[in-house]
Ligand code: PNS
């Protein structure tokens, strides 16, 4: 039997988010996605008319520090774009997201179906690490703003940046 070898195609996935700021839950999902795909693009999607807590430049720099050592990951920012268009531009066939529970699923499912409807891009859900089930960027900021300790829930550079921002 003759085996026809087609050219290897890079399997690329996108981990999208606003990353304001990146948490250990995000890092866990990106690391696991990097084990499943040839390349992962961490896509920081932001709305240019909405100001976040951290500037886009700071968010990118915190992502770079937090994901150091994961070789097949790159980080890019996109302003005011549909996620499906970003995926097409990057030639990514999958979106990877972490699910912390049923509430996340209820929120994410319509978006996954809409994205599939728009361009056919698939969404892969990874069960979130239970250690970070209660962790979201907004909750982290609220707790940090009022002096609560978020050590262990965010990467060290983010911990330091939160202290500077809210001191
Ligand atoms: O970290 P977040 O805030 O939960 O990330 C949400 C994000 C950026 C992934 C989502 O809002 C998104 O995909 N935005 C891009 C705009 C878009 O494509 N909207 C239609 C989704 S069906």
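The set of residues in region 53-74 being in contact (Cβ under 8 Å) with a residue 40 or more places away in the chain and within 15 Å of the ligand (Cβ to nearest atom) consists of 53, 54, 59, 62, 63, 66. Taken together, the residues in region 92-101 that are away from the ligand (no atom under 12 Å from the Cβ) and under 16 Å from residue 77 (Cα atoms) amount to 1. Just one of (1) in contact with a helix residue (DSSP H, G or I) (Cβ under 7 Å, 6 or more places away or on another chain); (2) part of a helix (DSSP H, G or I); (3) surrounded by 21 or more Cβ atoms within 10 Å (Cβ to Cβ) fails for residue 28. It is (3).
Here is the figure for region 108-125: residues that are touching a strand residue (DSSP E or B) at 6+ places or on another chain (Cβ under 7 Å), surrounded by fewer than 16 Cβ atoms within 10 Å (Cβ to Cβ) and touching a residue at least 24 places away in the same chain (Cβ under 8 Å) total 2. Note on region 145-167: residues that are within 23 Å of residue 104 (Cα to Cα) and surrounded by 14 or more Cβ atoms within 10 Å (Cβ to Cβ) amount to 4.
Summed over region 1-52, the residues that are more than 10 Å from the ligand (Cβ to nearest atom) and at pLDDT below 95 give a count of 14. When we screen 77, 92 for residues that are in contact (Cβ under 8 Å) with a residue 60 or more places away in the chain and either part of a loop (DSSP other than H, G, I, E, B) or touching a helix residue (DSSP H, G or I) at 6+ places or on another chain (Cβ under 7 Å) (or both), the only hit is 92. Among the residues making up region 102-145, a single one is part of a loop (DSSP other than H, G, I, E, B), over 25 Å from residue 162 (Cβ atoms) and within 12 Å of the ligand (Cβ to nearest atom): 121.
The values are calculated or read from the model by the stated rules, or taken from the named source; none is laboratory data. Computed from a predicted model, the values in this text were never measured in an experiment. Cβ coordinates were reconstructed from backbone atoms using ideal geometry, including for glycine residues, and neighbour counts include every protein chain displayed.
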